[in-house]
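Contents: one structure, followed by commentary.
The values are calculated or read from the model by the stated rules, or taken from the named source; none is laboratory data. What you are looking at is a predicted structure, and each value in this text was computed from that prediction instead of being measured. Heads up, the Cβs are rebuilt from the backbone with ideal geometry, glycines too, and the neighbour counts pull from every protein chain shown. Ligands, DNA and RNA are stripped out before the accessible areas are found, and what is left, the full protein with its side chains, is counted by its heavy atoms. Shrake-Rupley method; radii C 1.70, N 1.55, O 1.52, S 1.80 Å.
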Amino acid sequence: MSVRNAAMADMAFIMDAYRLAFAVNEAWTRNYVRMTGIDCFRILEKDGVPAAVWAVVPCGHWFGGRAVPAANIAHIAIQPEFRGGGLAAEIMELSCDDARKGGACLASLFASTRPVYRRSGFNLAGHEMIYEAQTAEFYKIRQDIRVRRIPLAEAQAVLDPIYRRACRNEAGLLDRNDAHWNARLDETTYIPSVFVLGDDEGYVVIETPSEDVLEIRDWAALNGAAARQILKFIGTFSTVYRTVRWHGAPQDALVFAMPDKGWSQVHQEEFLMRVLDPIAALNARGYACDDGNLTLTIEGDEPQVLHLALRDGKASCTPGRGEGPSLSIEAAQLPSLFSGFRSASFLHRAGHVDGDPEAVVLADRIFAGPPPWVAEHF
């Protein structure tokens, strides 16, 4: 068994594998590979025969105002004749090794079935949520609109700084690379329209896939006024599109800006994460907690004892015990604690964290923050 980087000569195999695994057509696969970049794809061969394909996409996840180096593991397709033999677990280990070599501290993915990924050290780390609202409600919003349209060719350069500013106040959002922006601005199926609000306080990327629904393909709002501007602007389309749909947060700025009822949550799924290098990951993320010392024991096949010291919201994580109370956590639950998806107190009550009350309360403070989410499916 061997793994190699994919090349354009592998497109016939990739199209066949994705057709059988995901029921997608040739045009979809070609476009997906084009947007992602062939250099992100890996081919696994058994006895010289291609058996599986997947993508490892460099990125980051924002926590505490800092982007932690990461990689998305995406669209794993195993050919039918090679399924059922444990290849998925092998691919997980190969992908995580690949991500580490690229400098990632974290790996993340969406799972069609969770047990195999949990056995590989992945666990729930944040939400993907989609909301829908009636555009007729937006006329009630009291907010002036200042909006300018951005040519599609210039969109990434204009939007990326706004997006990164928004990420500093959120948890989980991707530190996007070109592959993610390509998907947000892709014009293959529907041509998106890009608008920036106010003095670069926010933006909205819209498309019109049907006669009834206006899709917000991407958006960011740096404050409440920008969120209200987005809704008021979308309301100008209400005579044509009855509903609007968008990816949002568990505590969503657009939902909060809604003037009344008339919205609903239409989809929820969780992404999974694995902490590839606990020391590097704990040092890389930011923290709302200014000061504290915690000895953290990660229980697993090879237990790790780490000392986490916080000063002015920045971490110094080193091997071994140090000052402060001690907390132990099952390795399988570390991703959920790290991302803030589950608190230390929740995991303690569930029997996955052990420590005295002082340690649990301190860990709650250290990993506190907004609920983690992502604005796309990867």
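Brief remarks follow.
- Per principal axis, descending, Cα span of the stretch 26-97 in whole Å: 45, 30, 17
- For q = 0.17, 0.21, 0.23 Å⁻¹, Debye-computed log10 I/I(0) when each Cα of the stretch 268-345 counts as one equal scatterer: -0.65, -0.99, -1.19
- Shown for the chain are the DSSP H helices of 18 Å or more along their axis, judged by Cα atoms, with a mean Kyte-Doolittle hydropathy of at least -0.5: 87-101.
- Part-to-part distance (alpha-carbon centres) for the stretch 347-378 and the stretch 137-193, which is given in Å: 30 Å
- Bridgeable lysines around Lys140 (alpha carbons under 16 Å apart, same-chain partners fewer than 8 residues away excluded): Lys232, Lys261.
- Over 26 Å [Cα-Cα, the chain], rounded percent: 56 percent
- Probe 1.4 Å, all protein chains present, accessible-area order of Phe22, Phe13, largest first: Phe22, Phe13
- For the stretch 253-302 versus the stretch 1-71, the gap between their alpha-carbon centres in whole angstrom: 26 Å
- Antiparallel content of DSSP bridges confined to the stretch 54-155, in %, to 5: 75 percent
- Each principal axis of the Cα atoms in the stretch 63-149 has its own extent, and those three values, largest first, are 59, 32, 26 angstrom.
- Spherically averaged projected area of the stretch 318-360 from its Cα convex hull (nm²): 3.3 nm²
- Glu323 accessible area, 1.4 Å probe, all protein chains in place, Å² to nearest 10: 130 Å²
- The smallest convex shape that holds all Cα atoms of the stretch 208-341, its convex hull, gives 153 Å³ per residue.
- Unit Cα scatterers, Debye sum, the stretch 81-208: log10 I(q)/I(0) for q = 0.09, 0.12, 0.18 Å⁻¹: -0.43, -0.71, -1.18
- Rolled with a 1.4 Å probe across the full set of protein chains, the surface gives Cys289 an accessible area near 10 Å².
- For Trp373, the residues whose amide H sits under 5 Å from its own are His127, Ala171, Gly172, Leu173, ignoring neighbours fewer than 5 places away on the same chain, with H placed 1.01 Å from N.
- The phi-based Karplus calculation (6.51 cos²θ - 1.76 cosθ + 1.60; θ = phi - 60°) puts the 3J(HN,Hα) values of the stretch 285-297 at 7, x, 9, 7, 6, 6, 9, x, 10, 9, 8, 10, 9 Hz, whole numbers, x for Gly and Pro.
- Each of Thr189, Gln268, Ile298 was scored by the projection of its Cα onto the charge dipole of the chain, and the greatest displacement toward the positive side belongs to Thr189; charges sit on the C-beta of Lys, Arg, Asp and Glu.
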